[in-house]
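We did not get these values from a lab; they are worked out from the coordinates using the rules stated. All figures in this text were calculated on a predicted structure; none of them were measured in a lab. Using ideal geometry, Cβ is built from the backbone for each residue, glycine included, and neighbour counts are taken over all protein chains shown.
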């Protein structure tokens, strides 16, 4: 019974920080969402997995986007474990945006609690644990990825590190396999973090056992082989999709590899240091805060405990991974370790840097608190100052509603493949218009020619080029060839042709008939049924 009160304080503390750093999201979690299109994308991912689990139909990875491409869920991280855990909420009829925001905030809290548990075990200090949890869960690097839901499922990392300590001290197969189970949880929640974690564990284990090759082999077998089986099974649809989307290029890796100045840059949403945004680059804002760095340096200097000192190796591994192709080791990993071929952003290994910082900053705080015993407020002040440095004002927008009731009607229409207009062009994929169409597809789950993800098939990019002629006959002929049977035309300011011109032209096109119109998200929308010519057949729901 003592377990609940002991953890109640940390849970309340990290929950408060999650609410503050996402404010005012907590006031209307079903009506507000992150401004980046990835937030809507994650709403769709969670809902798609829930839909497929409920219907019991095959083809979990054959999602309803980028029709007729297969394995389209594998164009990005599928987040299978958290999506499965959240599925009952969808089955109960909870609003999909509310589900997303609850999962998002819970991920921040869980990250704080997990790092708290790790640092407290290593230092014996609750205050150090609270500081470590704050650093790991709410550092600017974490908040830059506020809209990247899969990257918030990082709590498995400190849990795996905690289990690793117990395993290497016990030297028994059972604890080694327990570590592997946590790695599996990370892989099924965020593949990026899972691959980085496996690398971290491998190097930490080699360093810990040194020349004890027999125990090293036994530990690595127990920790990594079961997890590798999970990774291999999970990789099957991703490998099958390589022909459609290709692999990450060396240029991609270079763009998202950290450089030293990135550790002086915070994202623009940081309330205190947002002005340093231009020093870094997208996804490379790695500034960890003055207090955290100062205490980390102290911790590195004074730590004598072997368990804590081991994290110096982990911190070095993390930095090498973060620097990507700017560090030669990562280039070798990219060339010879297949999972690394699918990772675009080495700087995301900054999550491991934060864990190392959390450990040493906690150790530094314990040392300072011991030296300055008369200043009893030192731990509280360090935690409070760190929280202030990390304070964030996330970019939020109103949810794009109300959705036209005609979308629900589409769910009952047989032989339906949908194309929604307007769309962007291949050289401006960051416009992310299609992700809002994906959000609307929660109303019907019919196949869409449109799509948004971490990768784009060549067929979709060709579609965007062909749609520059929309709504004229050549574009409609191409859509028929791709299997489209329903056209949805939205009123969006600045399109060429305008909404009125597009609708008027479609009214004059043979074989295209208006089935409904009205308002969608406060703007006009029209739905057309298009006679099908020879082309691929719809795969249905």
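Computed from Cα positions, the angle between helix 96-123 and the longest principal axis of the chain comes to roughly 10 degrees. Rounded is the label for the stretch 406-530, because a/c, from the alpha-carbon gyration tensor with a ≥ b ≥ c as root eigenvalues, stays below 1.5. Multiplying the residue separation of residue 338 and residue 26 by 0.36 nm and removing their Cα-Cα distance gives an extension gain of 108.2 nm. By how many degrees, 0 to 90 and rounded to 10, does the Cα axis of helix 37-55 deviate from the longest principal axis of the chain? Tilt of helix 37-55: around 80 degrees. Exposure proxy ranking for 277, 252, based on other Cβ atoms within 10 angstrom of each Cβ and starting from the fewest, stands as 252, 277. Sort the stretch 110-183 into rounded, prolate or oblate with this rule: let a ≥ b ≥ c be the square roots of the eigenvalues of the Cα gyration tensor; rounded if a/c is under 1.5, and if a/c is not under 1.5, prolate when a/b is larger than b/c, oblate otherwise. Verdict is oblate for the stretch 110-183. Going by alpha carbons, how many degrees (0 to 90, nearest 10) lie between the helix axis of 350-371 and the longest principal axis of the chain? Roughly 30 degrees, rounded to the nearest 10. As a length-normalised measure over Cα pairs under 8 Å and 6 or more apart, the relative contact order of the stretch 143-244 settles at 29 percent.
Panel order for 208, 275, by other beta carbons found within 10 Å of each beta carbon, from fewest to most: 275, 208. With contacts taken as Cα pairs under 8 Å at a separation of at least 6 residues, the stretch 406-530 carries a relative contact order of 27 percent.
Specify whether the C-alpha gyration tensor of the chain places it in the rounded, prolate or oblate class, a ≥ b ≥ c being the square roots of the eigenvalues: rounded for a/c under 1.5, otherwise prolate if a/b is larger than b/c and oblate if not. Because a/c hits 1.5 or more and a/b exceeds b/c, the chain counts as prolate. Look at the alpha carbon pairs under 8 Å that are at least 6 residues apart: their mean separation over the length of the chain gives a relative contact order of 18 percent.
Per residue of the chain, the DSSP helices (runs of n ≥ 4 H) give a summed -39500 (n - 2.57) that works out to -17500 deg cm²/dmol at 222 nm. Simple spin-label estimate for residue 181 and residue 495 gives 5.2 nm between the two label positions (7 Å along the Cα-to-Cβ direction from each Cα).
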